[in-house]
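Here's the structure, in structure tokens; my notes come after.
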Amino acid sequence: MVRMTTAADAAEKKILTAEELERKKKKDEKAKKKELKKLKAEEKSKQAELKAKEAKDVPKKSTKKSSKRDAPEENPEDFVDPETPDGERKRLSSHMAKQYSPAAVERAWYAWWERAGFFIADAKSSKPAFVIVLPPPNVTGVLHIGHALTAAIQDLIVHWKRMSGFNVLWVPGMDHAGIATQTVVEKDLQRTGLTRHDLGREEYIKEVWKWKEENGSKILIQLRRLGASLDWSREVPLLNKCH
């Protein structure tokens, strides 16, 4: 009886194993089909993306080429600042220049600043006062890099004080530099074969003042070109009687 049961069980097990194998085979085939279908879908999606990208890039290139062809030619005059009358606010071009030109940009601004009175100190102001004096350059020649450095540093301090709420006075002026100027003027006279004794006191003094006016005016122009925000309403040479 025991042997018969064991044989039946073994036969049943063989039948079940065969069924399992069949089911496993079908399951594997189904998984393969599913994986193959997934791969095909991915490939199809990649191809669709690639075609969309190609279609997107083609119009861009053609648009860029056509826009370059259709763009109007630049007019050089559109980048040139119009002439600004002296003392008026600078007139600007309709288009910003592609390169910076100090002569074109800075030429008219200072004259307008000065005329508008931006640098004049108000004697009646209730603001705290800040006064600084420009070390008066000698009229023996024109300004050099040392003067430019000093003026730039002082201008920086002056601007900072104005922005900090002070009533700022930056006093301009020039030093007549008596002995030094006398030496320079006499050397200039020697080129013409004359001395101060040949001219006499009155004529020699006229020559000194002439030298002062010529070189002094150059110095004042240079200070303005530097953008120094001096109160020019208080500009007085050291030889002036008010000193």
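The numbers here are math on the coordinates, done by the rules we state, and not lab data. Being a predicted model, the structure only gives us computed values, none of them experimental. Glycine also receives a Cβ, built like all others from the backbone with ideal geometry; neighbour counts cover every protein chain displayed.
In this calculation the C-beta distance from Arg191 to Ile145 is compared with R0 = 35 Å, giving a FRET efficiency of 0.85. Across all directions, the average flat footprint of the convex hull enclosing the Cα atoms of the range 109-243 is 9.6 nm². A cut-off under 12 angstrom between Cβ atoms defines the neighbours of Lys98, and their net charge, with Lys, Arg +1 and Asp, Glu -1, is -2. Under the simplified labelling scheme, the Lys32-Gln47 pair shows an inter-label distance of 2.3 nm, with each label point 7 Å from Cα along Cα→Cβ. The local environment of Met174, defined by Cβ-Cβ distances under 12 Å, has a net charge of -1 under the rule Lys, Arg +1 and Asp, Glu -1. Note on Ile179 and Glu106: with the Förster distance fixed at 45 Å, the Cβ-Cβ geometry gives a FRET efficiency of about 0.80. Derived scalar couplings between HN and Hα for the range 88-94 equal 8, 4, 4, 8, 10, 6, 5 Hz in order, rounded to whole Hz, by the Karplus curve 6.51 cos²θ - 1.76 cosθ + 1.60 (θ = phi - 60°), x for Gly and Pro.
The three principal axes of the Cα atoms in the range 72-116 give end-to-end lengths of 40, 17, 10 Å, sorted in falling order.
Below 12 angstrom from the Cβ of Asp122, what's the summed charge of the other residues (Lys, Arg +1; Asp, Glu -1)?
Details: positive: Lys124, Lys127, Arg162; negative: Asp231.
Result for the local shell: +2.
With a threshold of 25 Å on the Cα-Cα distance, the over-threshold entries among Lys56/Lys98; Lys187/Lys218; Lys90/Lys127; Lys187/Lys210; Lys90/Lys124 are Lys56/Lys98; Lys90/Lys127; Lys90/Lys124. Given R0 = 22 Å, the distance between the Cβ atoms of Ala97 and Arg224 translates into a calculated FRET efficiency of 0.45. Put a dot 7 Å past the Cα of Leu199, heading toward its Cβ, do the same for Glu54, and the two dots end up 9.1 nm apart. Counting only residues at least eight positions apart within a chain, or on another chain, the aspartates and glutamates with an alpha carbon under 15 Å from that of Lys40 are Glu49. Our coupling estimate for the range 155-160, obtained by passing each phi through the Karplus curve with A = 6.51, B = -1.76, C = 1.60 and θ = phi - 60°, is 4, 4, 5, 4, 4, 4 Hz, Gly and Pro reported as x. Phi angles of the range 221-230 translate, via the Karplus equation with coefficients 6.51, -1.76, 1.60 and θ = phi - 60°, into HN-Hα couplings of 5, 4, 5, 5, 5, 6, x, 5, 8, 7 Hz per residue; Gly and Pro are given as x. Summarising the amide proton neighbourhood of His95: residues at separation of 5 or more, or on other chains, whose placed amide H is nearer than 5 Å comprise an empty set.
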